[in-house]
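Asks: Right, I'll just put the structure down here and ask away after.
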Amino acid sequence: MRNDASAGPVLSMRGVWKSFATPRGPVHVLRGVDLEIEPGSFVVITGPSGSGKSTFLNLASLLDTPTQGVVQFAGRVTSTLNEKELCELRKERLGMVFQKFCLLTHRSALENVLFRFRYLAVPHTEAQKSSERALARVGLAAQADQPTRLMSGGEMQRVAIARAVAQRPDLLVADEPTGNLDRAAAESVMEVFRDLNADGITILLVTHNESLLRFATRHLVCADGRLKDRA
């Protein structure tokens with residue numbers, strides 16, 4: 001079952017610390033983070049390099065667990081899950097988009113989106129239809145059969161977004177998704193995110209580019225391992 005407004009936050013953190021051991025003692029990268037991300041929100045996180053954004057994103061993406069505190073995704077406490085269970089949650093309920101497009105450039109746009117279903121128990125016909133719908137949602141229905149190596153950077157990132165949302169996720173996580181794009185392509189990609197959010201997909205986006213904040217419903221600033229809301 002997918003999250004809805006009655007099911008509580010998509011993602012919550014309570015008293016979350018993340019520390020790493022060093023010969024000189026522990027380094028505290030996240031310090032007592034308390035956070036709830038509600039269904040349907042579009043959260044943009046900014047902050048300087050080294051502030052803890054990447055560590056936070058690893059926790060939010062179920063790629064890591066906290067040193068202290070509680071992380072809940074879709075109502076499940078991540079630290080109580082084994083790696084297989086975390087992997088199942090990532091496959092079925094998370095979408096991820098990165099600065100690098102991470103595409104199979106010798107394959108078509110449709111084949112790249114279909115790759116999303118490779119390890120899911122979804123019939124091929126259903127996966128094909130879902131992939132075609134996802135490409136249409138990002139404005140690439142006509143380019144479904146085009147090899148991605150022949151696409152522009154903006155088009156390649158839209159293929160990556162289509163792949164991330166083809167199995168409609170509870171949370172779409174995006175790490176500097178416009179970092180490799182020129183201004184026009186970045187604008188096009190952000191309009192896709194805006195439209196997906198208007199369709200009900202919850203988005204958590206990390207960026208250094210504060211001009212993207214106009215697309216957000218919520219702005220969080222990461223500094224010294226802490227996250228704070230900014231109006």
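Asks: From the residues in region 137-175 that are acidic (Asp, Glu) and over 18 Å from ASP199 (Cβ atoms), which one is farthest from the chain's Cα centre (by Cα)?
Replies: Applying the filter and picking the extreme gives ASP145.
Asks: Right, another one. Can you tell which of GLY52, GLY95 is open to solvent by less than 20 Å² (accessible area, probe 1.4 Å), touching a residue at least 12 places away in the same chain (Cβ under 8 Å), small (Gly, Ala, Ser) and under 17 Å from ALA174 (Cβ atoms)?
Replies: Unique residue meeting the criteria: GLY95.
Asks: Can you tell me which residues in region 189-218 are in a helix (DSSP H, G or I) and open to solvent by 20 Å² or more (accessible area, probe 1.4 Å)?
Replies: Answer for region 189-218, where residues must be in a helix (DSSP H, G or I) and open to solvent by 20 Å² or more (accessible area, probe 1.4 Å): GLU191, ARG194, ASP195, ASN197, ALA198, GLU210, SER211, LEU213, ARG214, PHE215.
Asks: Tell me, please, whether a residue that is under 30 Å from ALA198 (Cβ atoms) and loosely packed, with under 15 Cβ neighbours inside 10 Å can be found in region 111-119.
Replies: Yes, that holds for at least one residue.
Asks: Here is a check on your reading of the model: is SER6 open to solvent by less than 60 Å² (accessible area, probe 1.4 Å) and either on the phi < 0 side of the Ramachandran plot or modelled with pLDDT of 95 or more (or both)?
Replies: no
Asks: Go through region 23-46 and report how many residues are within 23 Å of THR67 (Cα to Cα), in contact with a Gly (Cβ under 8 Å, 6 or more places away or on another chain) and crowded, with 18+ Cβ neighbours inside 10 Å.
Replies: 3
Asks: A further question on this structure: From LEU213, LEU172, grab the single residue that is in contact (Cβ under 8 Å) with a residue 60 or more places away in the chain and touching a His at 6+ places or on another chain (Cβ under 6 Å).
Replies: LEU213
Asks: Separate question: Which ones in region 216-231 are under 17 Å from GLY40 (Cα atoms) and small (Gly, Ala, Ser)?
Replies: ALA216
Asks: Can you tell me which residue among GLY139, GLY179 is touching a residue at least 24 places away in the same chain (Cβ under 8 Å) and touching a helix residue (DSSP H, G or I) at 6+ places or on another chain (Cβ under 7 Å)?
Replies: GLY139
Asks: So, one more: When region 22-47 is examined, which residues are found to be touching a strand residue (DSSP E or B) at 6+ places or on another chain (Cβ under 7 Å) and not hydrophobic (A, V, I, L, M, F, W, C)?
Replies: PRO26, HIS28, ARG31, GLY32, ASP34, GLU36, PRO39, GLY40, SER41, THR46, GLY47
Asks: Check ARG24, ARG31, ARG90, ARG14 and return the single one that is assigned to a helix (DSSP H, G or I) and among the charged types (D, E, K, R).
Replies: Answer to the selection: ARG90.
Asks: For region 59-87, what are the residues that are in contact (Cβ under 8 Å) with a residue 40 or more places away in the chain, open to solvent by 40 Å² or more (accessible area, probe 1.4 Å) and either within 15 Å of PRO169 (Cβ to Cβ) or not in a strand (DSSP E or B) (or both)?
Replies: Within region 59-87, ASP64, THR67, GLY75 qualify.
Residue-by-condition table, conditions (1) of a type in the set (S, T, N, Q); (2) in contact with a Gly (Cβ under 9 Å, 6 or more places away or on another chain); (3) at pLDDT 95 or above:
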residue: THR80; (1), (2), (3): yes, no, no
residue: GLU83; (1), (2), (3): no, no, no
residue: CYS87; (1), (2), (3): no, no, no
residue: LYS91; (1), (2), (3): no, no, no
residue: MET96; (1), (2), (3): no, no, yes
residue: GLN99; (1), (2), (3): yes, yes, no
residue: LEU103; (1), (2), (3): no, no, yes
residue: ALA109; (1), (2), (3): no, no, yes
residue: VAL113; (1), (2), (3): no, no, yes
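The values are calculated or read from the model by the stated rules, or taken from the named source; none is laboratory data. It should be emphasised that the depicted structure is a prediction, and the values quoted were computed from it without experimental measurement. Cβ: placed from backbone, ideal geometry, glycine included. Neighbour counts: every protein chain shown. Accessible surface areas use protein heavy atoms only, side chains included; no ligands, DNA or RNA. Shrake-Rupley method; radii C 1.70, N 1.55, O 1.52, S 1.80 Å.
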